Amino acid sequence: MPITTDRPIPQNTLSFDEFLDRYRRDNRYELIDGEVFDLEPTGLHEEVAAFITTKVCVQIDQMKLPWFVLQRGLIRPANTDMTAFRPDVAVIDRHELAKEPIWSEQSILTLGSSIKFIAEVVSSNWQNDYARKVEDYATLGIPEYWIADYAGLGGIRHIGKSKLPTLCICTLLNGEYEIQQLRNDQIIVSPTFPSLKLTAAEVLRTFK
């Protein structure tokens with residue numbers, strides 16, 4: 001099965017401003033601790049991200065929420081000058097954007113209060129999704145984070161020895177994520193979208 005390959009770009013580390021100067025017009029890159037990663041999404045990667053986006057947009061519309069889906073904007077945690085995440089799917093609260101210092105000029109978010117939900121589709125550099133982003137998204141206070149590992153790439157400590165396609169639902173509780181692993185026909189329970197009716201297999205595109 002073809003997979004996405006998040007490959008670091010060989011170079012000296014970059015600051016956030018240097019990253020913007022070099023990659024402002026190309027949304028396939030993100031910056032983590034000064035290292036640039038080429039996201040190189042494959043077809044199936046984009047299919048999973050698009051499916052999540054579609055289902056989330058329907059929920060936002062049905063619930064009449066002042067939210068929208070941002071797929072390729074940057075999230076720059078306010079406490080670092082060396083990191084800018086580019087999530088596959090991010091649900092943004094319009095009411096919070098007035099507090100964002102540079103949103104009106106650039107598609108860049110710095111405050112966790114602006115973000116209600118994030119989904120990352122796992123690629124070859126799975127450590128970022130399962131470790132670094134779990135920590136940083138929790139620190140930002142993002143209530144719900146999905147890790148969609150359609151190819152079973154994650155390490156044993158994250159998805160077990162079976163290495164099966166797995167959807168992790170991370171729910172924020174007391175500043176840390178409680179993580180539920182779902183596979184096959186197990187039903188998703190989303191605190192952000194309680195009316196969502198999906199199985200892990202539907203999201204991961206692993207139909208029998």
Could you work out how far the C-alpha centroid of segment 124-145 sits from that of segment 68-106, in angstrom? 15
For Cα pairs less than 8 Å apart in space and 6+ apart in sequence, what is the mean separation divided by the residue count of the chain, i.e. the relative contact order in percent? 16
Label segment 93-185 by shape, choosing from rounded, prolate and oblate, from the square roots a ≥ b ≥ c of the eigenvalues of the Cα gyration tensor; if a/c is under 1.5 it is rounded, and otherwise prolate applies when a/b is larger than b/c, oblate when it is not. prolate
Among all helices in the chain defined by DSSP H, which have a length of 24 Å or more along the axis from Cα atoms plus a Kyte-Doolittle mean of at least -0.5? 43-63
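Which of the peptides 39-46, 100-107, 119-126 is most tightly packed, and how do the rest follow, judged by the mean count of other Cβ atoms within 10 Å per residue? Please list the in-between numbers first.
Details: 39-46: 16.2, 100-107: 12.0, 119-126: 23.5.
Put in order of decreasing packing, that is 119-126, 39-46, 100-107.
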Collect residues whose amide H, placed 1.01 Å from N in the peptide plane, falls under 5 Å from the amide H of GLU100; neighbours closer than 5 in sequence don't count. none
Cα shape, segment 1-121, gyration tensor, a/c 1.5 rule: oblate
Reachable lysines from LYS99, Cα under 28 Å, same-chain residues fewer than 8 places away excluded? LYS55, LYS64, LYS116, LYS133
Using a/c under 1.5 as the rounded threshold, could you call the chain rounded, prolate or oblate? The axes a ≥ b ≥ c are square roots of the C-alpha gyration tensor eigenvalues, and prolate needs a/b larger than b/c, oblate otherwise. oblate
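Throughout, read-outs are computed from the coordinates displayed, never taken from laboratory work. Every value quoted in this text rests on a predicted model; they were computed, and no experiment measured them. Positions of Cβ are generated from backbone atoms using ideal geometry, with glycine treated the same way; all protein chains shown enter the neighbour counts.
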